[in-house]
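Here is the structure we will look at.
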Amino acid sequence: MTDSGKATGAIEAVAEAAAASGRWQRAGIVGAAIGVVAAGAAAGVALERATVGRGMRRRARLALDLAGPYGSLRGTPGRATAEDGTEIYYEVEEADASAIDAAAPPRRWQIFRRAGQAAPPTVVFCHGYCLNQDSWHFQRAALRGAIRAVYWDQRSHGRSGRGRDQEGGEPATIDQLGRDLKAVIDAAAPEGPLVLVGHSMGGMTIMAFADQFPDLVDARVQGFAFVGTSSGRLASVTLGLPAAGARALRALAPGVLRILGTQVDLVERGRRATADLFAGIIKRYSFGSDVDPGVARFAERMIESTPIDVVAEFYPAFTEHEKSQALEVLDGLPGLVLAGDKDLLTPSEHSRAIAEALPDTELVVVPGAGHLVMLEHPELVNAHLAALLTEAADASRAPVPPALRELAVPPPAGPDRADRVVSGGA
């Protein structure tokens, strides 16, 4: 039997056992539930076992943790307060004044408004589910100094506080994340133009923000980028599983995760005991091709750092997410929609649907790339993002640093940009 068949069989067997017993809270069933999640996610994953000992793999992970520079970039810290009192952590990186125009006088940055130019936009980066602001490491490294940027951690992720509403038993919602983004903007970029960039859940956050604050979008937002995200219909995503396994996993996952969220210590011990299995699962669902081991371990660390109860709190929000109508608020703005064609979590078909609703956007589908395309193909993502920022600045007559313009790929010609698919080379 194939790995996929075994995973499907495991899911269906536990589903039958659960239905028969109806007693999910028993430790044995919780243990089985962990197996269900692992089996479902691991369908088709080939793990390296025989050639490298467990101890050696553990030492290799430690070495990568110590040596990897990823996630080490920091800005000026700040905190915004969400409507329920949750503290949202963000960092600001200012643009280098001399980078705006190397040939201009030293005080050009201070006097550009008097010269009739618009203010450069602040670029706000919104990360995805089970990640944190460090997931933008390569974009941050390429763009720092050339733009004013805000990087923030979603509630209950990274350095932000646990959601107060969630601690009180309220569900996490994408609409709430949209309001969190508004709180971050109010604190870190209370005036001036904006470009909003979101990956996965971060893109959904931007859609919710646009839906709730259309006047602010109309007044201040000059561009947007959606990376590996979706405007809805996520309940139909198969996660690369056979149809029967996908149906069983969708039926079981909410209940399983709720139970796992009440058994944090047990689950965390299970994570440590099955580190190799979960490393394979994370690689399977993060990347579509082989990546540098340090990058793979970086992604693994971010995902591992998200507590299981936070995973459980947010999961139901995705099946309820439907923001196709909110895209109308962004229509007409410079936009980038980018996805990997091997993305199993937010398949590229979802990005195509967004681009069809926003015909002025550039659609980029990267062959062989997975969900974390900004870590897997950073040069390509950086180039297209720089092109978007350059276009947004040019449209508003804001100054553009030469380095940013040099990084940007030329925009596609012709009016119908949304039908253009870009290959994996920048």
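The figures follow:
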item	result
Failed item, numbered, when residue 396 is tested on (1) within 19 Å of residue 149 (Cβ to Cβ); (2) of a type in the set (Ser, Thr, Tyr); (3) crowded, with 21+ Cβ neighbours inside 10 Å	(3)
Any hit, region 135-147, residues being over 24 Å from residue 407 (Cα atoms) and either open to solvent by 10 Å² or more (accessible area, probe 1.4 Å) or among the aliphatic types (A, V, I, L, M) (or both)	no
Enumeration of residues in region 285-311 that are of a type in the set (Val, Ile, Thr) and out of contact with any Ser or Thr (no Cβ under 6 Å at 6 or more places or on another chain)	291, 295, 303, 306, 308, 311
Residues of region 315-360 classified as of a type in the set (D, E, K, R) and either in contact with a Leu (Cβ under 8 Å, 6 or more places away or on another chain) or within 15 Å of residue 374 (Cα to Cα) (or both), total	6
Which numbered condition residue 163 misses (of (1) in contact with a Lys or Arg (Cβ under 7 Å, 6 or more places away or on another chain); (2) small (Gly, Ala, Ser); (3) within 18 Å of residue 77 (Cβ to Cβ))	(3)
Residue check for residue 299: closer than 21 Å to residue 224 by Cβ, open to solvent by less than 20 Å² (accessible area, probe 1.4 Å), of a type outside the set (Phe, Trp, Tyr) and in contact (Cβ under 8 Å) with a residue 60 or more places away in the chain	no
Selection within region 301-326 - in contact with a Lys or Arg (Cβ under 8 Å, 6 or more places away or on another chain), modelled with pLDDT of 90 or more and closer than 19 Å to residue 346 by Cα	322
Scan of region 180-212 for residues that are touching a residue at least 60 places away in the same chain (Cβ under 8 Å), open to solvent by 30 Å² or more (accessible area, probe 1.4 Å) and over 21 Å from residue 335 (Cα atoms), ordered by number	186, 187
Qualifying residue in region 159-179 (condition: more than 20 Å from residue 217 (Cβ to Cβ), in contact with a strand residue (DSSP E or B) (Cβ under 7 Å, 6 or more places away or on another chain), touching a residue at least 40 places away in the same chain (Cβ under 8 Å) and open to solvent by less than 10 Å² (accessible area, probe 1.4 Å))	no
Only listed residue being touching a residue at least 40 places away in the same chain (Cβ under 8 Å) and assigned to a loop (DSSP other than H, G, I, E, B), chosen from 370, 332	370
Test: residue 309 is closer than 25 Å to residue 172 by Cβ, among the acidic types (Asp, Glu) and surrounded by 23 or more Cβ atoms within 10 Å (Cβ to Cβ)	no
Which numbered condition residue 357 fails, given (1) within 15 Å of residue 336 (Cβ to Cβ); (2) of a type in the set (Gly, Ala, Ser); (3) open to solvent by less than 70 Å² (accessible area, probe 1.4 Å); (4) modelled with pLDDT under 95	(4)
The listed residue being open to solvent by 40 Å² or more (accessible area, probe 1.4 Å), charged (D, E, K, R) and not in a helix (DSSP H, G or I), out of 342, 283	342
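The values are calculated or read from the model by the stated rules, or taken from the named source; none is laboratory data. All values reported here derive from a predicted model rather than from experimental measurement. Note that each Cβ is placed from the backbone with ideal geometry, even for glycine, and that neighbours are counted across all protein chains shown. We work out accessible area using only protein heavy atoms, side chains counted, and drop any ligands, DNA or RNA first. Shrake-Rupley method; radii C 1.70, N 1.55, O 1.52, S 1.80 Å.
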